[in-house]
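See below for the structure under consideration.
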Amino acid sequence: MISTTVFFIGLLLFWGVIIGLRNLLKRRGFTVYPFLLLWRKATRSEWFPKVAKSKSFRIFENLSVILAIISMIGGVYLIVSAISDILVPTKVSSVKLEPIIPGVTIGLDQAPYILLSIGISVMVHEIMHAIASTSNKIPVKGGGFILLAFFPGAFVEPDEESFLNSPTSTKLKIISAGIAINLILAGLFFPLAAYLPQTLSQGILIEGVVPNSAAYNASIHPGDVIESVNGIKVTDPSQLRNVLEQSTNYRLTLVTPSGFKTINLSSSTHFLGVYISYYFPAYIYPILSFFLWMFIVNFSLALLNGAPLIITDGGKLFTELMKKIKINERFSMIIQAIIVLLLVVAVTSSFIPQ
């Protein structure tokens, strides 16, 4: 498996080459900064006009304003909850806003699924902005792709003058369309991420063993897979727990690197002493990882991009809503700046050991 050090050395070499080719890339329409590669191009003024003018999309864009406001409230609640847990730590639960950084906060083996999920989610997000612009007769003047370090992205640019001169309802629909689609995608992928693993699991994978426990004394090792206990097939943690509670003497059928193995052991506390997860065939794991990250990425985008922060769609949405009720734009910017500060504190604190 690629190490974190090798990954970041490769990343630095990649950006060294990109910067070295800056002039060549510039002639190809790219803009190059350290760890930022941007490609912008004029585009067609209308995007998917048949979809944009359909009744179903009109329903979606009206609903999207409600979903975006829900996302905004959820984003603020998430940030405030994280700050609250910093100020008043609790043992029951804690909210931490930890950035997704492969090799730092997440294993590098998850990087392909994270980057693919981000690429798809951001592209769909921007396409929805473009379609909503077309639906509301706002020309789209440009669009492009962006690479920040190793995170992919995309953007579209509605004609600014037309957008600024449009009614508030039009602005709200165009801004909200991207937030809403991320929330919808999160809702679609949630059941796939939450319930499909237990449906497809074919056993219990031993991730670790507690020293001097029943499993440790019976020579059960990480990587072994429990197929059955006392003749009862187990494929998820709840099944294993139920079987263990029925007896104190167990006959385990295991799949090990060397083949099948049967072990007899006992535990008066119904406790094996193992850290476990679902077990899947190798070809299932990438699918489930993709589903999980599509949920995480879209839910994160919906809440954080929906939050009223100066640089987000939620910030633009909040400003337009404040204008609608005759509240000064400067006051809106002050509120957003405070929330940005709270977010920075929450994210920074996630790196401080508790």
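The values are calculated or read from the model by the stated rules, or taken from the named source; none is laboratory data. Just so it is clear, the structure is predicted and the values come from calculations on it, not from any experiment. Virtual Cβ from ideal backbone geometry, glycine too; neighbours counted across all protein chains shown. Just so you know, the surface numbers come from the protein's heavy atoms only, side chains and all, with ligands and any DNA or RNA stripped out. Shrake-Rupley method; radii C 1.70, N 1.55, O 1.52, S 1.80 Å.
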* Structure fact -> Among Thr248, Thr199, Thr235, the single one that is β-branched (Val, Ile, Thr), more than 30 Å from Ala130 (Cα to Cα) and open to solvent by 60 Å² or more (accessible area, probe 1.4 Å) is Thr199
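Sort through Phe30, Phe7, Phe14 and tell me the only one that's more than 20 Å from Ile184 (Cβ to Cβ), modelled with pLDDT under 80 and not charged (D, E, K, R).
Values: Phe30 fails: modelled with pLDDT under 80; Phe14 fails: modelled with pLDDT under 80.
Sole residue among the options that is more than 20 Å from Ile184 (Cβ to Cβ), modelled with pLDDT under 80 and not charged (D, E, K, R): Phe7.
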* **Every residue from segment 103-154 that is of a type in the set (A, V, I, L, M) and in contact with a Gly (Cβ under 9 Å, 6 or more places away or on another chain)** => Ala111, Ile118, Val122, Met123, Val124, Ile127, Met128, Ala130, Ala132, Ile146, Leu147, Ala154
* **Residues located in segment 3-35, provided they are within 27 Å of Ile106 (Cα to Cα) and open to solvent by 80 Å² or more (accessible area, probe 1.4 Å)** => Thr5, Val6, Ile9, Leu12, Leu13, Phe14, Val17, Tyr33, Pro34, Phe35
* Structure fact -> Of the residues in segment 136-149, those that are touching a residue at least 60 places away in the same chain (Cβ under 8 Å) and either under 13 Å from Met294 (Cα atoms) or open to solvent by less than 20 Å² (accessible area, probe 1.4 Å) (or both) come to Val140, Gly142, Gly143, Gly144
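Looking for whichever is within 20 Å of the chain's Cα centre (by Cα), closer than 30 Å to Val6 by Cα and in a helix (DSSP H, G or I) here; the options are Ser117, Ser176. Which one fits? Talk me through it step by step, then tell me what you get.
Numbers: Ser176 fails: closer than 30 Å to Val6 by Cα.
Checking each option against the conditions leaves just Ser117.
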* Structure fact -> Val234: passes all of (1) within 16 Å of Val210 (Cβ to Cβ); (2) of a type in the set (A, V, I, L, M); (3) under 32 Å from the mean Cα position of the chain (by Cα) but (1)
* **Unmet criterion (only one of (1) under 25 Å from Ser117 (Cβ atoms); (2) outside any helix (DSSP H, G or I); (3) open to solvent by 50 Å² or more (accessible area, probe 1.4 Å)) for Thr262** => (1)
* Asked: Given Ser300, Ser268, which one is open to solvent by 90 Å² or more (accessible area, probe 1.4 Å) and small (Gly, Ala, Ser)?
  -> Ser268
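If you check Lys316, Lys326, which single one turns out to be open to solvent by 40 Å² or more (accessible area, probe 1.4 Å) and not in a helix (DSSP H, G or I)?
Values: Lys316 fails: not in a helix (DSSP H, G or I).
Criteria check complete, one pass: Lys326.
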* Asked: Hey, among the residues in segment 303-342 that are more than 22 Å from the chain's Cα centre (by Cα) and among the acidic types (Asp, Glu), which one's nearest to Lys171 (Cα to Cα)?
  -> Glu320
* Structure fact -> Contact list, first residue from segment 210-236 and in contact (Cβ under 8 Å) with a residue 12 or more places away in the chain, second anywhere and assigned to a loop (DSSP other than H, G, I, E, B) and open to solvent by 20 Å² or more (accessible area, probe 1.4 Å), beta-carbon distance below 6 Å, six or more apart or interchain, is Val225/Tyr279
* Per-region count, segment 83-112, residues modelled with pLDDT under 75, closer than 20 Å to Val340 by Cβ and of a type in the set (A, V, I, L, M) -> 1
* Structure fact -> The correct count of residues that are over 23 Å from the mean Cα position of the chain (by Cα) and either closer than 17 Å to Met294 by Cα or among the aliphatic types (A, V, I, L, M) (or both) in segment 120-135 is 2
